[in-house]
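Novice: Quick one: this structure, given as structure tokens, is what I'll be asking you about.
The values are calculated or read from the model by the stated rules, or taken from the named source; none is laboratory data. Please read these numbers as outputs of a predicted model, since none were measured by experiment. Backbone-built Cβ (ideal geometry, glycine too); neighbour counts: all protein chains shown. Areas reflect the complete protein model, heavy atoms only, side chains present, ligands, DNA and RNA absent. Shrake-Rupley method; radii C 1.70, N 1.55, O 1.52, S 1.80 Å.
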Amino acid sequence: PMITEHQTPPKLNNNDEKPTSTPNYHTVFSTDCSGYQHWQSYLLFYSAYKVKQPGTVTRIASGCTKEEQEAERAFQSQISDQMSSNFKVHFTPQFSKVKGEGEEGDGETYKFFNKPFGLLHWIEHAEVKIKDDDIVLLLDPDQV
């Protein structure tokens, strides 16, 4: 049978904006500035390079001293130059000190707080702003 009427295309979401053809991918992983996680980060960046990981790959490094940040920035610059300019590092404060209500002093260390609060810090302060339809992949540095 012959179709004589044109079908109306469906309305688009988000104020009738055109959908993007591909989503923006942001692969992120949380570390500190220890030598061990420095090399785990390098291996993860290298793995992402070898598989041609789309989007950005960002190391979220928490609690680094100024000297450690300088060293990591220099190292990251080499990675960006040799592998991909989409490989980044983002520094956050130390989030692993836990204080009870009304406590004074440094509190106890709970290193696992660096991941959720580091991720939040990255989302709020990222070099590239995260859009609502972007996809964020959260990895551990040893997930290669």
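Novice: Tally up the residues in segment 109-132 that are open to solvent by 70 Å² or more (accessible area, probe 1.4 Å) and polar (S, T, N, Q), please.
Specialist: The number of residues fulfilling the criteria is 1.
Novice: List every residue pair whose Cβ atoms sit under 6 Å apart, with the two residues 6 or more apart in sequence or on different chains, where the first one lies in segment 114-134 and is over 14 Å from Y25 (Cβ atoms) and the second, anywhere, is open to solvent by 40 Å² or more (accessible area, probe 1.4 Å) and not in a helix (DSSP H, G or I).
Specialist: N114/F95; F117/F95; I123/I130
Novice: In addition: Mind checking which residues of segment 41-54 are open to solvent by less than 70 Å² (accessible area, probe 1.4 Å) and assigned to a loop (DSSP other than H, G, I, E, B)?
Specialist: Those that are open to solvent by less than 70 Å² (accessible area, probe 1.4 Å) and assigned to a loop (DSSP other than H, G, I, E, B): Q53, P54.
Novice: Tell me, yes or no, whether segment 33-40 has at least one residue that is part of a helix (DSSP H, G or I), modelled with pLDDT of 95 or more and open to solvent by less than 70 Å² (accessible area, probe 1.4 Å).
Specialist: Scanning segment 33-40 turns up at least one residue that is part of a helix (DSSP H, G or I), modelled with pLDDT of 95 or more and open to solvent by less than 70 Å² (accessible area, probe 1.4 Å).
Novice: Could you list, in sequence order, all residues of segment 55-70 that are in contact (Cβ under 8 Å) with a residue 24 or more places away in the chain and assigned to a helix (DSSP H, G or I)?
Specialist: Of everything in segment 55-70, those that are in contact (Cβ under 8 Å) with a residue 24 or more places away in the chain and assigned to a helix (DSSP H, G or I) turn out to be E68, Q69.
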